[in-house]
Amino acid sequence: MKIAVLSGKGGTGKTLVSVNLAVAAKEAVYIDCDVEEPNGHLFFEPKPIGSEQIVIKIPVVDEKLCNGCRKCVEFCKFNALAYINNKLIVFDEVCHSCGGCMLFCPEKALAEKEKMIGEVQYGVSENVTVVTGILNIGEASGIPIIKNLLNYAKGEQAITFIDCPPGSACIVMESIKDADYCILVAEPTFF
Amino acid sequence: MKIAMPVNDKSMESCVGNTFGRTSYFLVYDTETKESIFVDNSAAASQGGAGIKAAQTVVDSQVEALITPQCGENAAKVIQASNIKIYKIINDSIQDNINAFKHGELSLLEKIHGGFHGHGGK
Amino acid sequence: MKQLLILSGKGGTGKTTLAGAFIKLAKAKAYADCDVDAPNLHLVMEQSVAPKRTDYYGLPKAVINTDQCLQCDLCRQNCRFEAINVNHEYKVDYYSCEGCGVCEIICPENAISLKPAVAGELVLYADETVFSTARLKMGSGTSGMLVTEVKKQMNLVAKDAELAIIDGSPGIGCPVIASLSGVDMVLIVAEPSISGISDMERIIKTAEQFQTRVAVCINKYDTNLVNTEKIESFCKKINLPVAGRIPFDSNAVKAINSALSIIDIDCTSGRAAREVFAKTVEFLFSKS
C-alpha cells in the first residue's frame, strides 16, 4: 500500500507526519519526493546503501552530418536550438528532452548525451528504508527524479509513505500518481 | 550598415521595447539607405527560450549591430556567435538611438543578465 | 523601481506574513504574489476594487482525434513523458503532456494536434496601488511562466512605483527561478529548525547562482536559540547581511486568522518585523 502525504501550504508538517508514520509502521519505505528541499533524511539519518545518478538526455549534433536545414530549430517548442554561422547550437538547460529533434532530423545528424540533474540516495534506518531524491541546484524540473523515486515503491510489500512537495503543481501530481491513499496535512490558519 | 532594435510598434515614432526576447517587433534599419523594416518577433509568445528564438530572428535579418536595453545570457551567446555587436540604448527613442549609433556614441552592453532557464526576462 | 523578493526555501516559515507587514510598512504602490501554486497574499491584503481576471494559457497539450486514430502505437512509443495512455482507445494524459509536439508529427494519420490549454488565471487589482497575483490550475506545469506573467503584469501597470514587494513560493525549482529574474534583492525568511537550515542553504545557493543580492532574517528565532545562532554564524561566514530576528508570537496567528497583518496589532512579532523592515530597506537602497 502506498500513502502520499501532502498539503497545499508549506510548513504544515508533511515531513513530521510521514516520517513518524513510517517509524510507527515498523516495516516501511519512506520516499522523499520533495526533491527541491528534501528533509526527511535529516531525521532518519539512514545508513547509506547506495545512490543513483539521475540523468536526462540532451541532443548533440554531428557537424559533419548537419546540412543546416533547420527542421530541428523549427520543431523545438522550447526554443532550445539555434542555427548560427552555419552551426547548430544546443541550449542544454532549456531542453525538455523530448527527443523530437533527433527523431525528425532528415540527416540523422543528432544523437543524445546524458546530463546529470540530481541523485537518488537510499539507505536504512532501523526497519525503515529511506529513499531520498535530490535535485541539483539551478535545475528547473524534478519530475525525472520523482519518476525514478517511485520505482522504489513498485512491487514493495511493506507500506510506503510518500512525502510530497508543497503546492498542487505538476511535481505533486507526479508524486501522487501511484498512491492508494492521500493524507492531507492541514493547519488551522486562514492560509 | 544594418542594425536591429526591439520596438513596441511598427512605427519609427514608437519606442524601444523594454525587453529583448519578448519584444513585439524588431526594427531592422539600414543606416545607408535609411530603409526600415519591421519584423514580427515570433518568440514573444513562446513558453520558454524566447531569447534564443528572438536572437535567431535578429541573426537571420543579417544585421551587424543590435541596440537593446538588456539581453539575456542565452540570447547573447547566439548574437555573439554571429559577430553581431550588442549596444546599450541611451533612452527609449528610436531616432535618438539611431543618431547616437551613427555618431559612435553608444557603448557596448556590458551587463548580460544571467539566464533564467527559459522563464523569460524582467 | 526596486524589487524586493521574499523567499524561504522551506514552506511555512512566514513569507506571506512578513510580505504583508512589509507592504503595509512601505505603503508599497506595487506588490505581487508569486506563489501561484498556493497564493495567500490576497487573504491578508484587503482590496477595495474588483480585480481584472485573465485566462493564462500554459503549454499547448496534445489531443488525439480518436476517429482518425488507427492505434498504430507510434505516439506512445515515442513519447518521453509517458503521456499517452491506452485504454480501449488512445488518450493523452493532460498532466503528463509537456506539449513537445513529437506525437503530432510522428502520427501517420495526422490524428494528433496541439491545442492551447488554460493552465490558470491572472488576477490584477489596480487602483492607487497595484496588486498582481495568479492561481495555477491544479496539476499544471509551467508555473515559472505564470510567475513571469504575474511580475510582468505588475511592472506594466506600476511602472513608476519606487518599491515593489514580491511574495515568493517555497522550493528552489522553476517558479522560484522565474521569480528571481530582475529583482534587486532577496530576503530569505529562515526558521531555526533542522529542515529550515538545510533549505535556507539551498535557497541561498540558488539566489547566488542568479547573482541576486541576499539578506536573511530569522523567524520564530526563540523556538531554537542554538539553531538561530548557527544560522547567524553561517551568514557571517559567507558574508550575508542578517536583517534581524522575529520571535514566535501567538498573537501573530491571531492576527492572521482575523485577516490582519502583524503590524496592525501591538505584538512582539510586529515590533520585530518593523526592525527587520528598516534594516532590509537600508540594505536594498545601499549601493553595494
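The values are calculated or read from the model by the stated rules, or taken from the named source; none is laboratory data. Every value quoted in this text rests on a predicted model; they were computed, and no experiment measured them. So basically every Cβ, Gly included, is an ideal-geometry build from the backbone, and we count neighbours across all protein chains shown. These accessible areas exclude ligands, DNA and RNA; they are computed on the full protein's heavy atoms, side chains included. Shrake-Rupley method; radii C 1.70, N 1.55, O 1.52, S 1.80 Å.
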- Would you check if there is a residue in region C:237-256 being of a type in the set (D, E, K, R), open to solvent by 50 Å² or more (accessible area, probe 1.4 Å) and more than 26 Å from C:LEU43 (Cα to Cα)? yes
- Query: Conditions: (1) assigned by TED's automatic domain parsing to the domain that holds A:ALA111; (2) surrounded by fewer than 23 Cβ atoms within 10 Å (Cβ to Cβ). A:ALA82 meets all but one. Number of the miss?
  - Reply: (2)
- Take the residues of region B:72-92 that are over 19 Å from B:ALA43 (Cβ atoms) and crowded, with 16+ Cβ neighbours inside 10 Å: which is farthest from the chain's Cα centre (by Cα)? B:ILE90
- Item | Wholly enclosed helices (runs of 4 or more DSSP H) of region C:222-288 bearing at least 1 residues more than 19 Å from C:SER193 (Cβ to Cβ) and hydrophobic (A, V, I, L, M, F, W, C) | C:250-257, C:268-285
- Task: Could you look through region A:169-184, keep only residues that are within 11 Å of chain C (Cβ to nearest Cβ) and part of a loop (DSSP other than H, G, I, E, B), and pick out the one that is least open to solvent (accessible area, probe 1.4 Å)?
- Result: A:ALA169
- Query: Does any residue of region C:65-77 turn out to be free of Cβ contacts under 8 Å to residues at least 24 places away in the same chain and in contact with a helix residue (DSSP H, G or I) (Cβ under 9 Å, 6 or more places away or on another chain)?
  - Reply: yes
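Kindly indicate whether any position in region C:191-211 is more than 12 Å from chain B (Cβ to nearest Cβ), open to solvent by less than 20 Å² (accessible area, probe 1.4 Å) and not in a helix (DSSP H, G or I). Break it down into steps so the answer makes sense when it comes.
First, pick out the residues of region C:191-211 that are more than 12 Å from chain B (Cβ to nearest Cβ): C:191-205.
Filter once more, keeping what is open to solvent by less than 20 Å² (accessible area, probe 1.4 Å): C:192, C:195-196, C:199-200, C:203-204.
Now drop any that are not not in a helix (DSSP H, G or I), which leaves C:192.
Yes: region C:191-211 contains one or more residues that are more than 12 Å from chain B (Cβ to nearest Cβ), open to solvent by less than 20 Å² (accessible area, probe 1.4 Å) and not in a helix (DSSP H, G or I).
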- Query: Taking the condition without any contact (Cβ under 8 Å) to a residue 12 or more places away in the chain, away from every other protein chain (no Cβ under 12 Å) and open to solvent by 70 Å² or more (accessible area, probe 1.4 Å), does C:ASN87 pass?
  - Reply: yes
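Kindly indicate which of C:ASP37, C:ASP93, C:ASP67, C:ASP73 is in the same structural domain as C:GLY171 (by TED's automatic domain parsing) and open to solvent by 20 Å² or more (accessible area, probe 1.4 Å).
On the way: C:ASP93 fails: in the same structural domain as C:GLY171 (by TED's automatic domain parsing); C:ASP67 fails: in the same structural domain as C:GLY171 (by TED's automatic domain parsing); C:ASP73 fails: in the same structural domain as C:GLY171 (by TED's automatic domain parsing).
Checking each option against the conditions leaves just C:ASP37.
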- Where residues in region A:24-45 are away from every other protein chain (no Cβ under 11 Å) and farther than 13 Å from A:ILE162 by Cα, which of them is least open to solvent (accessible area, probe 1.4 Å)? A:PHE44
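Condition first: more than 7 Å from every other protein chain (Cβ to nearest Cβ) and open to solvent by 40 Å² or more (accessible area, probe 1.4 Å). Now tell me which residues in region A:93-114 satisfy that. Full working, then the answer.
So the first thing to find is which residues in region A:93-114 are more than 7 Å from every other protein chain (Cβ to nearest Cβ), and the list is A:95, A:101-102, A:105-114.
Listed by number, the residues that qualify are A:MET102, A:PRO106, A:GLU107, A:LYS108, A:ALA111, A:GLU112, A:LYS113, A:GLU114.
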- Test each condition in (1) open to solvent by less than 20 Å² (accessible area, probe 1.4 Å); (2) within 11 Å of C:ASP37 (Cα to Cα); (3) part of a loop (DSSP other than H, G, I, E, B) for C:VAL147 and report the one that comes out false. (3)
- Task: Among what's in region A:137-147 and is more than 8 Å from chain C (Cβ to nearest Cβ) and open to solvent by less than 30 Å² (accessible area, probe 1.4 Å), pick the residue that is farthest from C:VAL253 (Cα to Cα).
- Result: A:ILE145
- From (1) open to solvent by 20 Å² or more (accessible area, probe 1.4 Å); (2) part of a strand (DSSP E or B); (3) within 24 Å of A:GLY99 (Cβ to Cβ); (4) not basic (Lys, Arg), pick out the condition that doesn't hold for C:TYR125. (3)
- Query: Does A:LYS87 count as within 14 Å of chain B (Cβ to nearest Cβ) and open to solvent by 20 Å² or more (accessible area, probe 1.4 Å)?
  - Reply: yes
- Does region C:214-224 contain any residue that is of a type outside the set (Ser, Thr, Tyr) and free of Cβ contacts under 8 Å to residues at least 24 places away in the same chain? no
- Message: I'd like to know if region A:150-161 contains one or more residues that are open to solvent by less than 70 Å² (accessible area, probe 1.4 Å), in a helix (DSSP H, G or I) and more than 8 Å from every other protein chain (Cβ to nearest Cβ).
- Response: yes
- Item | region A:118-136, residues that are open to solvent by 40 Å² or more (accessible area, probe 1.4 Å) and in contact with a strand residue (DSSP E or B) (Cβ under 9 Å, 6 or more places away or on another chain) | A:GLU119, A:GLN121, A:TYR122, A:VAL124, A:ASN127, A:THR129, A:ASN136
- Item | Scan of region A:1-18 for residues that are crowded, with 20+ Cβ neighbours inside 10 Å, assigned to a helix (DSSP H, G or I) and within 11 Å of chain C (Cβ to nearest Cβ), ordered by number | A:LYS14, A:THR15
- Looking at (1) more than 22 Å from A:GLY11 (Cβ to Cβ); (2) open to solvent by 10 Å² or more (accessible area, probe 1.4 Å); (3) among the hydroxyl-bearing types (Ser, Thr, Tyr), which is the only condition C:SER181 fails? (2)
- Message: So the check is Cβ under 6 Å with 6+ separation or different chains; which pairs have a first residue in region A:157-180 that's under 19 Å from C:GLY9 (Cβ atoms) and a second one that's at pLDDT 90 or above and of a type in the set (Lys, Arg)?
- Response: A:ASP163/A:LYS14
- Note on the structure: Among (1) of a type outside the set (A, V, I, L, M, F, W, C); (2) at pLDDT 95 or above; (3) not assigned by TED's automatic domain parsing to the domain that holds A:GLU139, A:SER97 falls short only on (2)
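State whether one or more residues within region A:48-62 are within 19 Å of the chain's Cα centre (by Cα), small (Gly, Ala, Ser) and closer than 27 Å to A:THR189 by Cβ. Before the answer, list the steps.
We begin by selecting, within region A:48-62, every residue within 19 Å of the chain's Cα centre (by Cα); these are A:50-58.
Those still in the list that are small (Gly, Ala, Ser) too: A:50-51.
Filter once more, so that each one left must be closer than 27 Å to A:THR189 by Cβ: none.
No, region A:48-62 has no match at all.
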